[in-house]
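Worksheet: the structure to be examined is printed underneath.
Every number in this text was worked out from the coordinates using simple rules, so none of it is lab data. What you are looking at is a predicted structure, and each value in this text was computed from that prediction instead of being measured. Every residue, glycine among them, receives a Cβ derived from its backbone with ideal geometry; neighbour counts consider all protein chains shown.
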Amino acid sequence: MDQPRNRVFSGVQPTGNLHLGNYLGAIRHFVALQDTHECIYCVVDLHAITVWQDPKELAANTREVTAAYIAAGVDPKKHIIFNQSKVAAHAELAWILDCTARIGWLNRMTQFKEKAGKDREQASVGLYNYPVLMAADILAYRSTHVPVGEDQKQHLELARDVAKKFNNDYAEFGGQDFFPLPEPLILGAATRVMSLRDGTKKMSKSDPSDNSRITFNDSPEAIAQKIRKAQTDPDPLPETVEGLEGRAGADNLVGIYAALSGQTKDEVLAEFRGAQFSVFKPRLADLAVDKLSPMMAEMQRMLHNDQGYLDQVLADGAARARVIADPIVARVKELVGFI
């Protein structure tokens, strides 16, 4: 079985209310990687149900993520877009890898502790175990690269550990080096976008304040207003990135500007050093509206007028994904000894 060299796998959860953090931290990179990699982009609906989802909303949110991929510029003819639940290899491989992974590894996963909080005993088994499903997502395609944010690096390390152990466990049966060790791709500025109301917290759909995030449903006017109200401080912008230390709100806005403009933070500060936020925020608002509004409008058009197209993209993508994943999982079964 040939080993791919530049196969990317990544996904976004269909949990509703996509926001700027999803775009800058993930989706825009999906678009950029198309020219250099074989890309498989998933709507990870199996991951979504680690916490209860309204079935109708889950279906709508799955289409929303699909529309966002396409509106942002992912080409569903050249690359694969599909929803996870349509490819049985994900769940099937996850069980085999459950028997490879170790409880101690999962106990070290910090995101479970954060998401489960004090009610850990009431959390679903899926929420605890979803890093193994994430490993299966990646390894089912023998993916070589995974674009990740800083908060997902630990899960990718787990996927690498699982791959290593599987290869070692079945080495004498021909499994040595079967799974590649996927490499992280952490690309560009603003891979971790923070709340517009509190620069120390990640931008999140669960924040009670709608002004904390720019969503894919926002009008141009709403985008501009949220940026004008964003948390900053009374000091002007510094000359260097080092001057942003301890200024979380300022650092966040400079990072967002850098990501949207395709610049580094240093280049942004070279242009705006010494400027007050009364000057910088309107420029950022104009940039955000210019970059985001056409994409958001196209996404809403598809959701309201072209759901059949979105469903067909998912169905075609799933069929193409199965062509890749099914032989890989079949070989895993042979290595394990299933007959």
Place the peptides 203-215, 104-116, 257-269, 79-91 in order of packing, highest mean first, counting for every residue the other Cβ atoms within 10 Å and averaging per peptide.
79-91, 257-269, 203-215, 104-116
For the chain, calculated [θ]222 nm from helices alone, where every DSSP H run of n ≥ 4 adds -39500 (n - 2.57)
-16000 deg cm²/dmol
Options ILE256, PHE216, PRO180, ranked by Cα towards positive dipole end of the stretch 176-266, top entry (Cβ charges):
PHE216
Quick check: the angle from helix 277-305's long axis to the longest principal axis of the chain, C-alpha only, nearest 10 degrees?
50 degrees
Ranked output for segments 117-129, 166-178 by mean other Cβ atoms within 10 Å, highest leading, reads 166-178, 117-129
Could you pull out which residues in the stretch 315-338 have an amide N less than 18 Å from a spot 7 Å beyond the Cα of ALA171, following the Cα-Cβ vector?
335-336
Nearest-20 debye value, the stretch 210-302 charge dipole, Cβ charges on Lys, Arg, Asp, Glu:
320 debye
Proximal lysines relative to LYS165, as straight alpha-carbon distance under 28 Å, when same-chain residues fewer than 8 apart are discounted:
LYS86, LYS113, LYS115, LYS153, LYS333
Of all DSSP beta bridges in the chain, antiparallel share, percent nearest 5:
10 percent
To the nearest 10 degrees, how steeply does helix 89-98 sit against the main Cα axis of the chain, on a 0 to 90 scale?
80 degrees
When the Karplus curve 6.51 cos²θ - 1.76 cosθ + 1.60 is applied with θ = phi - 60°, which whole-Hz ³J(HN,Hα) does each residue of the stretch 321-333 get, with x for Gly and Pro?
5, 5, 4, 7, 6, 4, x, 5, 5, 4, 5, 4, 4
Using each residue's phi in the stretch 202-211, evaluate 6.51 cos²θ - 1.76 cosθ + 1.60 at θ = phi - 60° and report the 3J(HN,Hα) Karplus result to the nearest Hz, with x for Gly and Pro.
5, 4, 8, 6, 7, 5, x, 8, 5, 6
Using amide H atoms built in the peptide plane, which far-off residues or other-chain residues are under 5 Å from CYS39 H to H?
VAL8, ILE80
For the stretch 249-272 and the stretch 96-128, write down the distance between their C-alpha centroids in whole Å.
36 Å
Place a point 7 Å from the Cα of ARG273 in the direction of its beta carbon; the residues of the stretch 236-266 whose amide N falls under 11 Å from it are 238-243, 266
Say the dipole of the chain comes from +1 at the beta carbon of Lys and Arg and -1 at that of Asp and Glu; which of PRO327, PRO236, ALA285 then lies farthest toward its positive end?
PRO327
Can you tell me the orientation of helix 55-72 relative to the chain, as the angle in degrees between its alpha-carbon axis and the longest Cα principal axis, to the nearest 10?
70 degrees
Simple label model, 7 Å out from Cα along Cβ direction - THR264 to ASN6, nm
2.4 nm
